[in-house]
Amino acid sequence: MSGSDHRGQSLPDKAKVLIPGGVNSGQRLVPGLEDLVVTSTKGGTFTDADGHVFTDFHAAFGPPLLGHNDPDVVAAIVDAAHQTDLAGVGVTAGEVRLAEQLVELVPSIEKVLLTSTGSEATYHALRVARAVTGRRFIVKFQGCYHGWHDAVSLNVISAPDRIGQPDPISAGSLPDTTAATLVLEFNDVAGLLALFAERGNEIAAVILEPIPHNIGAVLPTQEFLTAVRSECTRHGAILVFDEVITGFRHALGGYQSICGVRPDLTTLGKAMGNGVPIGALGGRADIMDNFSSRPGGPAFFAGTYNGHPLVVSAALATIEKLRTEPVHEHIFRLGDRARAGLAEICRRLDVPAVVTGYGSVFVTYFMPGDEPRNYSDLLPNDADMFVGYRRNLLQDGFFELPLNLKRSHISYAHTDDDIDRYLQAAERAIAAAATNRVTARNASTMGGISTDAITR
Ligand SMILES: Cc1ncc(COP(=O)(O)O)c(C=O)c1O
């Protein structure tokens, strides 16, 4: 899977000397894939340095909704590159067109600002919420991920003994900042009501992934989403839907257009530009008007690359294709096929599994029981099976990220044939992982699953 340079040093080895760990994101540090060098991407695939072509269901955590290197998106970027690069002053026609589209499509968005990443969008959402309410506390939910900044980088994939207490994912986070984030279980209406009853007038914002996809796919109950909305309204807190994953992927208007619950602010990213670095924060005009992009706006907002013409052109081309071609119909249908096929395979093999997801997102948890409703429900998931079958899949050229609880994505470039071949490979991969699992369990003196296995 690795390439080498003219002196014979392998590219991964060289990368490890020059780049900490050899990769540019901690989320790309995948045990067993330390030597993976990607040489090209195309449609539903990527190719490694040894020429292996992988059908790519990891999809970079979700952006290439249309498939890698979508020709219309690439053409739009090239056109834009010939026309305008970054001036860093004023506004461009593309930015206005994109804002117009977002306001038209996403129910909660009356005004919108562009960022380069999802983390910036959630950062600014929480900052403006504090600026507007004058309050200190943020509420997030165990299992949801909203980016790398201190206020939200806690309690994502926590070890069982860390659930219910602050669990920062990074050393160096300011304790004052993490202490101002209160964590609840997802779908826990009683917990939500109790927290608001006790501290409602101290809560600036509630932020959530409407479907917590950072732990696979935990579907929200309508009762929960409705309760979050009404408690925020009643207590004057700002409700933020982080639709960085669900936006565009599940519908042009985001999951809010499906569930009918309207947040005050919405964050977008990932699929919005089909793979280029773009994010957005939009919502109620009376909140958005507090940003410093407006004269006197008290909440500072800046970013050298915000609204860069190249990424704006990619977003416009992506949205155009989503509007004019049956993208969602195609990816939802393939998603249903993948889920039904996987469930049938697990039944046939007598492997306890919950196959779930939404639309183009699918995930197989290896555990008995029903649809999970929160992170704690996922603790029985057999991480060795989860990771093991994905490692086995690599041999057949299918790439689902071999890390516990990660979801998989179908793109418009994937085909029925991809799903047919994937299901055949998945059957082999799950059967082999189950056999290994039994062997390992018999050999183990411990018997159970380690905390390590759950959190890796
Ligand atoms: C729901 C959600 N919000 C925010 C982010 C942060 O986005 P970015 O990695 O572009 O900063 C992510 C990234 O995975 C995400 O999944």
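Return yes or no: is Thr181 outside the structural domain of Pro380 (by TED's automatic domain parsing), within 16 Å of the ligand (Cβ to nearest atom) and either open to solvent by 60 Å² or more (accessible area, probe 1.4 Å) or under 22 Å from Ala280 (Cα atoms) (or both)? It is false that Thr181 is outside the structural domain of Pro380 (by TED's automatic domain parsing), within 16 Å of the ligand (Cβ to nearest atom) and either open to solvent by 60 Å² or more (accessible area, probe 1.4 Å) or under 22 Å from Ala280 (Cα atoms) (or both). Listed by first and then second residue, the pairs linking a residue in the range 386-411 that is part of a loop (DSSP other than H, G, I, E, B) to a residue that is open to solvent by less than 10 Å² (accessible area, probe 1.4 Å) and modelled with pLDDT under 95, with Cβ atoms under 8 Å apart and 6 or more places separating them unless they lie on different chains, are Asn404/Ala453.
Quick check on Leu394: is it modelled with pLDDT of 95 or more, surrounded by fewer than 24 Cβ atoms within 10 Å (Cβ to Cβ) and touching a Phe, Trp or Tyr at 6+ places or on another chain (Cβ under 9 Å)? Yes; evaluated as a whole, the condition is true for this residue. None of Arg441, Arg437 is surrounded by fewer than 21 Cβ atoms within 10 Å (Cβ to Cβ), in contact with an Asp or Glu (Cβ under 8 Å, 6 or more places away or on another chain) and more than 22 Å from His52 (Cα to Cα) except Arg437. When you check Val53 against the structure, is it without any contact (Cβ under 8 Å) to a residue 40 or more places away in the chain and open to solvent by 10 Å² or more (accessible area, probe 1.4 Å), yes or no? It is false that Val53 is without any contact (Cβ under 8 Å) to a residue 40 or more places away in the chain and open to solvent by 10 Å² or more (accessible area, probe 1.4 Å). Within the range 132-172, the residues that satisfy the criterion of being hydroxyl-bearing (Ser, Thr, Tyr) and within 16 Å of the ligand (Cβ to nearest atom) are Tyr145, Ser153, Ser170.
When the range 191-207 is filtered for residues that are open to solvent by less than 30 Å² (accessible area, probe 1.4 Å) and either assigned to a helix (DSSP H, G or I) or not small (Gly, Ala, Ser) (or both), the ones remaining, listed by number, are Gly191, Leu192, Leu195, Phe196, Gly200, Ile203, Val206, Ile207. Evaluate the range 110-117: report whether one residue or more is open to solvent by 20 Å² or more (accessible area, probe 1.4 Å) and more than 23 Å from Gly273 (Cα to Cα). Within the range 110-117, none of the residues are open to solvent by 20 Å² or more (accessible area, probe 1.4 Å) and more than 23 Å from Gly273 (Cα to Cα).
With respect to the conditions (1) within 23 Å of Arg249 (Cα to Cα); (2) in contact with a Phe, Trp or Tyr (Cβ under 6 Å, 6 or more places away or on another chain), Ile419 falls short on a single one, namely (2). For the range 211-252, taking the residues that are small (Gly, Ala, Ser) and out of contact with any Leu (no Cβ under 7 Å at 6 or more places or on another chain), the one that is farthest from Leu378 (Cα to Cα) is identified as Gly236. Just one of the numbered conditions (1) more than 16 Å from the ligand (Cβ to nearest atom); (2) open to solvent by 10 Å² or more (accessible area, probe 1.4 Å); (3) closer than 25 Å to Asp286 by Cβ is not true of Ala80: (3).
Would you check if Gln101 is closer than 25 Å to Gly200 by Cβ, among the polar types (S, T, N, Q) and more than 16 Å from the ligand (Cβ to nearest atom)? Taking the combined requirement at face value, the residue does not satisfy it. Please indicate, with yes or no, whether at least one residue in the range 144-164 is surrounded by 18 or more Cβ atoms within 10 Å (Cβ to Cβ), more than 16 Å from the chain's Cα centre (by Cα) and under 26 Å from Asn290 (Cβ atoms). Checking the range 144-164: at least one residue is surrounded by 18 or more Cβ atoms within 10 Å (Cβ to Cβ), more than 16 Å from the chain's Cα centre (by Cα) and under 26 Å from Asn290 (Cβ atoms). Being in the same structural domain as Glu95 (by TED's automatic domain parsing) and open to solvent by 30 Å² or more (accessible area, probe 1.4 Å) is a property that Phe332 lacks.
The values are calculated or read from the model by the stated rules, or taken from the named source; none is laboratory data. Please read these numbers as outputs of a predicted model, since none were measured by experiment. Here the Cβ is made from the backbone with ideal geometry for all residues, glycine too, and neighbour counts use every protein chain on show. With ligands, DNA and RNA removed, areas are computed over all heavy atoms of the protein, side chains included. Shrake-Rupley method; radii C 1.70, N 1.55, O 1.52, S 1.80 Å.
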